[in-house]
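K.L.:
Have a look at this one before I ask anything.
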Amino acid sequence: MKHTFSLTRRILSRTVLPFAATLPLFLSTPLERAEAAGFAILEQSSEGIGYAFAGAAAGYGDGSEIAFNPAAMAWIPDSHVSANVDLIIPSAEFSNEGSTNTALGIPLSGSDGPDGGRVAAVPSVYVKAELFEGVHWGLGIHSPFGLATEYDREWVGRYSAVESELTTVSFSPAVSVEVSENFAIGGALNILYADATLSNAIDLGTIGFATLGATNATALGLAPQANDGFVEVEGNDWATGFTLGASYTYGEKSKVGLAWKSRILVDLEGTSNFEVPNAATPLTMTGLFTDAPVSAGVDLPESVSLSWIHNISEEFGLLFETQWTNWERFEELRVQFDSVQPDAVTPEEWEDVWRFSLGARYSPTPQWTFTGGWTFDEEPITGATKRTPRIPGNDRHWLAVGMKYQASERMALRATYAHLFVKDGDVIA
């Protein structure tokens, strides 16, 4: 079958930094997610959005150093608490270009979607303090990976995907040590909770024809696309990884940062829930299409980031970042059933990718800062035959703007916006 997806994503962000007063807001915010390149999430700093995340591993001074490069915590003065809520508004519109039932060669029925993108609020919170001179600690709660797409149960691609959701929350205690006046190293332990839901329809009419024969299937009332079943798989797991980094500062708070994030092996365990219409119940007599425990392994990849923030003056600054992510680890999505049900396997065969980001800062007064940025974000999906409705991504360009008002020494207000331009992508299965 062939589908074409038109993909866009917008990000609105609001940040308030009034210390502990923001924590109840974070804790009551839904943790739904939307995917970035692959299913990594950059939206862990509202200030970073205004730069299109140029300079993230060098450090913005907003506490997100705990997520991007814990070494850079050393350059955050005094104690610090910040909370962010980033609103992601995605779009994944579908256009059918002749999808067919591959077994029978007949056109697939169903609607064009609707739009599979889901609006998501992505919160994060960071706390940083100095233990003693030259040694700093921090704690971050953020989401490094995630995705969320959902289509109608009657859409034409229902046998490939209906709902796909991955939610991750990382609890990251971190430490930074000043080796010298200008150089610091640091590390964070990333304690990750992952929760996933996958669902799709099952063409039990076609399966009945193939396994029971046309005569028996017709006698039971089975017909292709007329007796859809449904399956939903849910699972969760805890896993751990690490972030290590180094940071060098010079001149007027200019900084260079290098960070490495380790791979994280997640072994999701949960349950499957099958819905089978009455006419198709004979197909379950051998144990197929029945509820059972399930498991799925997800290999979250490592990445390396190099950042530079160069402040030309108090008014002007330039930012740069490049990041490599080892998405080659994502070879397949395999769900194993603790029953006679065969494994559900989706070949992925992704490839390593790079991200390149440029940003600029203009601060006309100590109270006001204006920012802008551009990013090219490669997609690890290798082509139309490997792209799926669950993750209908493609290469993207970011354009971002932001502003910050320093209301007082202890509080700042920030608003940022980024628009992601994503090329249309075909899905051929």
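K.L.:
Could you put Trp75, Trp137, Trp398 in order of accessible surface area, largest first, with the 1.4 Å probe and the full protein assembly present?
P.N.:
Details: Trp75 60, Trp137 95, Trp398 0 Å².
Greatest to least solvent exposure: Trp137, Trp75, Trp398.
K.L.:
Arrange the peptides 402-408, 165-171, 209-215 so that the one whose residues have, on average, the most other Cβ atoms within 10 Å appears first. Each step should come with its number before you reach the end.
P.N.:
Working: 402-408: 16.4, 165-171: 21.3, 209-215: 13.9.
Highest mean packing first, the order is 165-171, 402-408, 209-215.
K.L.:
Give me the accessible area of Ile312, 1.4 Å probe, in Å² rounded to the nearest 10.
P.N.:
110 Å²
K.L.:
Let me check something: with ligands and nucleic acids excluded, how do His136, His310 order by accessible area (1.4 Å probe), largest to smallest?
P.N.:
Numbers: His136 5, His310 60 Å².
Per-residue accessible area, sorted high to low, gives His310, His136.
K.L.:
Cα to Cα, under 19 Å, and not fewer than 8 places away if on the same chain: which lysines meet these conditions relative to Lys253?
P.N.:
Result set, ordered by chain and number: Lys128, Lys404.
K.L.:
Within the stretch 172-312, what whole-number % of the accessible surface is contributed by carbon and sulfur, with the 1.4 Å probe and all protein chains included in the calculation? All intermediate terms of the calculation are to be shown ahead of the outcome.
P.N.:
On the way: 3950 of 6480 Å².
It is 61 percent, rounded to a whole number.
K.L.:
Over the stretch 338-429, what is the relative contact order in whole percent, taking alpha-carbon pairs under 8 Å and six or more residues apart?
P.N.:
Working: 166 pairs, mean separation 23.8, N = 92.
Rounded, it is 26 percent for the stretch 338-429.
K.L.:
Sticking with this one: So if each residue of separation counts as 0.36 nm, and I subtract the Cα-Cα distance between Thr290 and Ser262, what length gain in nm does that give?
P.N.:
Result: 6.3 nm gained on full extension.
K.L.:
Quick one: which of 122-132, 42-52 comes out on top by average Cβ neighbours within 10 Å, and what's the full order, highest first?
P.N.:
Working: 122-132: 19.8, 42-52: 28.4.
Going from most to least packed, we get 42-52, 122-132.
K.L.:
When all protein chains stay in place, what accessible area (Å², nearest 10, 1.4 Å probe) is found for Arg410?
P.N.:
Rounded to the nearest 10, the figure is 150 Å².
K.L.:
Oh, and also: Could you derive backbone 3J(HN,Hα) for the stretch 194-201 from the dihedral phi with the Karplus parameters 6.51, -1.76 and 1.60 (θ = phi - 60°), listing whole Hz in sequence and x where the residue is Gly or Pro?
P.N.:
Each residue of the stretch 194-201 in turn: 10, 9, 10, 9, 10, 8, 6, 7 Hz.
K.L.:
How much length is gained on full extension from Glu269 to Glu154, taking 0.36 nm per residue of separation minus their Cα-Cα distance? Intermediate results must be reported in sequence, preceding the final value.
P.N.:
Values: separation 115, 0.36 × 115 = 41.40 nm, distance 2.81 nm.
Full extension of this stretch gives 38.6 nm more.
K.L.:
Here's another thing I want to ask about it. Express in nm, to one decimal, how much length is gained between Val345 and Val304 on full extension, taking 0.36 nm for each residue of separation and deducting their alpha carbon distance.
P.N.:
Details: separation 41, 0.36 × 41 = 14.76 nm, distance 2.94 nm.
Extra length from Val345 to Val304 when fully extended: 11.8 nm.
The values are calculated or read from the model by the stated rules, or taken from the named source; none is laboratory data. Predicted model only: the values in this text are computed from it and were never measured. Positions of Cβ are backbone-derived with ideal geometry, glycine not excepted, and every protein chain shown enters the neighbour counts. Please note that ligands, DNA and RNA were not included when accessible areas were found on the heavy atoms of the full protein model with its side chains. Shrake-Rupley method; radii C 1.70, N 1.55, O 1.52, S 1.80 Å.
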